[in-house]
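The values are calculated or read from the model by the stated rules, or taken from the named source; none is laboratory data. Predicted model only: the values in this text are computed from it and were never measured. So basically every Cβ, Gly included, is an ideal-geometry build from the backbone, and we count neighbours across all protein chains shown. To get the accessible areas, we keep the full protein, side chains included, count just its heavy atoms, and leave off ligands, DNA and RNA. Shrake-Rupley method; radii C 1.70, N 1.55, O 1.52, S 1.80 Å.
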Amino acid sequence: MSYNADEKGYYGEFGGAFIPEMLYPNTEELRQNYIQIMEEPSFKKEFDHLLKDYVGRPTPLYFAERLSKKYNTKIYLKREDLCHTGAHKVNNTIGQILMAKKLGKNRIIAETGAGQHGVATATVCALMGIECVVYMGEIDIARQAPNVARMKMLGAEVRPALSGSRTLKDATNEAIRDWINNPVDTHYIIGSVVGPHPYPDMVARFQSVISQEIKSQLKEKEGVENPDYVIACVGGGSNAAGAFYHYLDTEDVGIIAVEAAGKGIDSGESAATSALGKVGIIHGSKTLLMQTPDGQITEPYSISAGLDYPGVGPMHAHLFRSGRGEFISITDADAMKAGLLLSKLEGIIPAIESSHAFAVLEEKTFKPNDIVVINLSGRGDKDLDTYIDYFKL
Amino acid sequence: MNRIHQKLKEDKKILSIYFTAGYPELNDTVNIIQDLEKNGVDLIEIGLPFSDPLADGPTIQESSTAALKNGMNTELLFEQLKDIRKSVSIPLIIMGYFNPVFQYGVEAFCKRCKEIGIDGLILPDLPLDVYLQDYEATFKKYGLINIFLITPQTSDERIRKIDDASNGFIYMVSSASTTGATSGFGSEQQAYFERIAALDLNNPQIVGFGINNAETFNQATRTTSGAIIGSAFIKHLNQFGIEGIPDFIKTIR
């Protein structure tokens, strides 16, 4: 079995492009060109150059000695938190802005929830001098004022999504509507491995640099390319897709995807899509999503805005359904505790999204000789207010 | 014969009206359909509301949100429509997004449509290739006509494919936009209308998006078989209620 997308963008039964005809020309242009463009030497050269000198790659693979001692196993952290803009998101936006240039687009749109993808998109648009419009739910704009300010400083226009629940899924709807209204000159930079084909595969390929580096760094440190486990948090699933990518077909490597249980899977306030979702269509992709029995998409909840998405990328739906991936959901409380522990033991304040991945160390026992790589997808600066409120700091 | 085919044979420009089921009030559905027929409308698209209608503009999005809040759902819509054929004889089409249909079960959904007397479906996010591969046989089994969209950006080659897969009419989206976004047709639209007319397709075309009065209706139907009004009708409903339906239709023709 392959765990990558087939040429129609299916991962097993999941994926595809369930889009209205208005979006067909845009996605078709991208579908016909994305692999070829990514393989062009000039594209690769510029992408690699920007990842190195602008983003700061390769990010370190750090052996977390004190954390390893506490859990009696070998824990490595893939330090995506050290990327420019503070998270893995920029790997994808660098790739997509170069793609947009190759396709001759002169206007960029994006959706954002907490603002991380919006900032990463505004950043690369500033870098390239391209017009940028970021859609963000009205409620998120109020909750994430510093990121809104960052996007504005970077020259982007932040447009509030006023429809529906006024959060990430509605921002995504608004971005898609913008694309319908501007089909020729605009490229839509989706921030995760979601949306219609070819987005999930394209974004996964741009993020795959994470596991590519893990392989060579682990070889250097441990003499082997493959860890026993790779752990990553999953909202839409882009950091996880990148961390898993080169291990998907290596079944010896355990893949652990960590979802946000929110206040508990059965609390009604959760974002644990694998546990609560059913097969359906969201944002142009057939995947697992949280919905009413009637097929209306429901609003998820997590303390972490980056995991607060009612669906999951089709790659992850397939990893879950096929049993290739182990899916664990972590509550707000356990994630917050894990974030604090990492701060105290290793001097690294993680993004709350990433804290969910660390909480797995409490849930699951690893052997002393196991090599466990945790993708530290982002840093916690953006979450300070949440940490302060939660721990009364 | 399917009522859509019959209607298309008549020597007139078709006026089709879209409305969102369960809006403005939950139980308005049947009254709206009856009043539209009484006032000379030729075809009705009954909108099955969806939480995330990404091809629609703010008007239809808001009416959908309100309808869901009122308690509209798939089963209830079927329940409301179960006796509709006792009083209404014009073609009825259900328009909605694919996920609610998928959750109901495509076969079960089509079966209920046939029992009620629904003539066709418009599901903008059910793509052509998936329809042909997975669902065409089911639609045909229950005598339902699937209506595809084309836009100014759709290539001639793809329009031909869509024409081949269609057996009723083609929903011609007037401009690159979501519903309710444009007003008036410029030279760009005229050129598009003429380009499509020149293709001499097997299926007649009915134009939607951007039609809100007699002028745009006449422009849109010069080279086509009819036009669809959605957002403008919903705005009117919102303002004047069901009682305002005769006045609204009079402004169109």
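Residues in the stretch A:299-352 that are open to solvent by 10 Å² or more (accessible area, probe 1.4 Å), of a type in the set (Val, Ile, Thr) and not in a loop (DSSP other than H, G, I, E, B): 2 in all. One residue alone among B:142, B:135, B:104 is among the hydroxyl-bearing types (Ser, Thr, Tyr), over 26 Å from residue B:239 (Cβ atoms) and away from chain A (no Cβ under 14 Å), and that residue is B:142.
Scanning the stretch A:273-290 for residues that are within 9 Å of chain B (Cβ to nearest Cβ) and surrounded by fewer than 24 Cβ atoms within 10 Å (Cβ to Cβ) gives A:278, A:279, A:280. A Cβ distance below 8 Å, combined with a sequence gap of six or more or placement on separate chains, defines the contacts here; from the stretch B:5-31, residues that are closer than 17 Å to residue B:68 by Cα reach residues that are part of a helix (DSSP H, G or I) and open to solvent by 80 Å² or more (accessible area, probe 1.4 Å) in the pairs B:24/B:238. Restricted to the stretch A:148-176, and to residues there that are more than 22 Å from the chain's Cα centre (by Cα) and facing chain B (nearest Cβ under 9 Å), the residue that is most open to solvent (accessible area, probe 1.4 Å) is A:162. Taking the stretch B:77-101 as the range and being within 14 Å of another protein chain (Cβ to nearest Cβ) and touching a helix residue (DSSP H, G or I) at 6+ places or on another chain (Cβ under 6 Å) as the test, the residues that pass are B:78, B:100, B:101. Listed by position, the helices (runs of 4 or more DSSP H) contained in the stretch A:177-272 that have at least 1 residues being of a type in the set (Asp, Glu) and open to solvent by 20 Å² or more (accessible area, probe 1.4 Å) are A:209-222. Is it true that some residue in the stretch B:53-76 is in contact with a Pro (Cβ under 9 Å, 6 or more places away or on another chain), among the small types (Gly, Ala, Ser) and at the interface with chain A (Cβ under 8 Å from one of its Cβ atoms)? Yes, the stretch B:53-76 has at least one match. Of the residues in the stretch A:24-34, at least one is touching a helix residue (DSSP H, G or I) at 6+ places or on another chain (Cβ under 6 Å), under 27 Å from residue A:317 (Cα atoms), aromatic (Phe, Trp, Tyr) and at pLDDT 95 or above.
For the stretch A:102-141, a residue qualifies if it is within 22 Å of the chain's Cα centre (by Cα) and free of Cβ contacts under 8 Å to residues at least 24 places away in the same chain, and exactly one does: A:141. Annotation: of all residues in the stretch A:67-83 being of a type outside the set (Lys, Arg) and under 15 Å from residue A:368 (Cβ atoms), the one that is most open to solvent (accessible area, probe 1.4 Å) is A:72. Contact map, the stretch B:103-118: residues that are under 16 Å from residue A:295 (Cβ atoms) paired with residues that are part of a helix (DSSP H, G or I) and open to solvent by less than 10 Å² (accessible area, probe 1.4 Å), Cβ distance under 7 Å, separation 6+ or inter-chain. Pairs shown: B:104/B:74; B:109/B:101; B:110/B:139; B:112/B:78. Against the conditions (1) over 25 Å from residue A:383 (Cα atoms); (2) open to solvent by less than 10 Å² (accessible area, probe 1.4 Å), where does residue A:64 fall short? Just the number, please. In the conditions (1) over 25 Å from residue A:383 (Cα atoms); (2) open to solvent by less than 10 Å² (accessible area, probe 1.4 Å), residue A:64 misses (1) alone.
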